[in-house]
């Protein structure tokens with residue numbers, strides 16, 4: 001492959017390590033080097049040289065990851081999959097995208113051990129030379145994915161070649177526009193697109209919440225789903241319908257609305273079509289939640305909105321509530337939701353009188369314990385870096401497995417997604433868990449990835465993804481770390497341990513309440 005003659009993948013491991021050590025020494029020198037004496041032309045040349053080196057390194061980096069994969073070295077380090085190794089050990093931002101790029105531009109081995117040429121050879125050559133970067137590769141691959149499956153292999157190869165050539169001269173956004181023209185040329189009237197292509201492209205993605213707690217919704221709907229959605233919007237997003245800013249606005253579909261009232265509401269309605277679509281979807285989701293469509297229970301919790309806030313946030317009317325699904329709600333929205341009986345509000349204060357310590361009485365956690373774990377561990381899986389929300393979790397015996405004599409006490413339990421719950425065990429690549437008994441993380445579960453002991457041991461880790469807001473709030477308020485309780489099983493009897501835990505009680509009270517139960521109605 002052109003552009004990579006300086007790096008030979010046949011070098012021994014020690015040579016590779018030495019070369020990267022040398023590279024980092026050069027980077028250290030570049031980092032402190034001054035460009036003061038350089039001319040304007042040389043400054044431009046240095047900037048161009050840097051960007052080319054970054055692009056070349058992205059291609060070389062694919063080979064380094066594949067070296068790990070080819071030797072299954074990630075398994076020896078305790079990672080069950082290459083994806084997990086890339087995310088946790090290499091801290092690669094988007095492992096899925098990186099895998100797509102490797103499969104397209106890197107040289108992979110066949111089942112017989114033969115080194116195959118890249119699937120997208122022209123794109124690979126341009127990346128290896130540093131002429132294009134990962135964003136160019138992403139736009140080229142996105143275009144190739146949208147080409148109908150019935151297009152011939154020759155035409156698809158020609159499209160890849162053309163896009164790679166243009167990528168050398170244009171920025172990624174322009175390559176994306178050129179890709180649309182390529183698809184239009186290959187399938188000008190859309191006749192080549194079939195049900196297989198539509199099924200391959202269908203999808204709906206709900207983005208992460210931004211700094212204003214808003215989320216972007218994007219996707220591609222197949223024709224039937226689009227037709228049904230149009231019907232829904234015609235009925236629920238009509239002018240005047242489901243307007244949250246108008247107390248007299250009819251709710252539901254317009255067929256059941258009073259014609260006169262709907263007409264008057266439509267005259268008052270100043271929303272755009274996009275806002276009416278949004279409000280129609282909100283009304284539909286609320287109707288589904290309140291109408292029992294989701295059943296009576298999901299993962300041991302009621303299939304309604306479950307929100308937790310601190311007592312001080314409730315009292316001061318400031319802060320963010322957190323749902324079991326991992327979303328954040330401004331306090332104003334929490335108060336409005338709490339006024340409705342179908343939603344559940346978890347408020348933490350001093351302690352709870354509900355039975356949370358079941359010991360050996362039963363294996364499965366009860367609903368009260370699930371509420372407590374949601375409030376204690378945050379709205380998601382406790383395994384490090386996992387972002388699965390609490391609504392998708394199972395309850396894991398984190399201190400000692402039930403089969404090994406573990407207790408179904410809330411202080412020994414933790415929320416874990418099905419994937420990570422199945423990955424707990426003594427083998428290499430599995431996780432060992434325990435409850436922390438000392439320090440600011442007292443009461444929280446820690447996860448340790450098991451390695452084969454040939455390298456440095458992996459340290460216990462706590463998933464802090466779900467506690468960022470809480471930690472920032474403590475920092476801003478100047479609140480010292482919570483007092484610790486040494487509740488190790490070896491040091492005290494079960495009754496002693498429970499008396500201590502009931503007295504300290506981890507600082508939480510968790511209840512499913514109606515607004516009037518709090519004495520704050522009105």
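Going residue by residue through the stretch 189-211, is there one that turns out to be touching a residue at least 60 places away in the same chain (Cβ under 8 Å), surrounded by fewer than 18 Cβ atoms within 10 Å (Cβ to Cβ) and more than 19 Å from residue 106 (Cα to Cα)?
Within the stretch 189-211, one or more residues are touching a residue at least 60 places away in the same chain (Cβ under 8 Å), surrounded by fewer than 18 Cβ atoms within 10 Å (Cβ to Cβ) and more than 19 Å from residue 106 (Cα to Cα).
Given the residues 55, 76, which is the only one that is assigned by TED's automatic domain parsing to the domain that holds residue 131, more than 29 Å from residue 172 (Cα to Cα) and surrounded by 11 or more Cβ atoms within 10 Å (Cβ to Cβ)?
Of 55, 76, the one residue that is assigned by TED's automatic domain parsing to the domain that holds residue 131, more than 29 Å from residue 172 (Cα to Cα) and surrounded by 11 or more Cβ atoms within 10 Å (Cβ to Cβ) is 76.
Can residue 398 be described as in the same structural domain as residue 447 (by TED's automatic domain parsing), modelled with pLDDT under 85 and touching a strand residue (DSSP E or B) at 6+ places or on another chain (Cβ under 6 Å)?
yes
Of the conditions (1) modelled with pLDDT of 90 or more; (2) crowded, with 17+ Cβ neighbours inside 10 Å, residue 96 clears all except one; give me its number.
(2)
For the stretch 405-464, list the strands (runs of 3 or more DSSP E) that sit wholly inside it and hold at least 2 residues that are touching a strand residue (DSSP E or B) at 6+ places or on another chain (Cβ under 6 Å) and in contact (Cβ under 8 Å) with a residue 60 or more places away in the chain; which are they?
445-449
Restricting the search to the stretch 262-280, which residues are in contact (Cβ under 8 Å) with a residue 24 or more places away in the chain, surrounded by 15 or more Cβ atoms within 10 Å (Cβ to Cβ) and closer than 20 Å to residue 226 by Cβ?
Of everything in the stretch 262-280, those that are in contact (Cβ under 8 Å) with a residue 24 or more places away in the chain, surrounded by 15 or more Cβ atoms within 10 Å (Cβ to Cβ) and closer than 20 Å to residue 226 by Cβ turn out to be 276, 277, 279, 280.
Given the conditions (1) under 20 Å from residue 460 (Cα atoms); (2) assigned to a loop (DSSP other than H, G, I, E, B), which single one is not true for residue 396?
(2)
Out of the residues in the stretch 90-148 meeting the condition of being touching a strand residue (DSSP E or B) at 6+ places or on another chain (Cβ under 9 Å) and assigned to a loop (DSSP other than H, G, I, E, B), tell me which one is nearest to residue 164 (Cα to Cα).
Among those residues, the one meeting the criterion is 107.
The values are calculated or read from the model by the stated rules, or taken from the named source; none is laboratory data. None of these values were measured; they are calculated from a predicted model. Note that each Cβ is placed from the backbone with ideal geometry, even for glycine, and that neighbours are counted across all protein chains shown.
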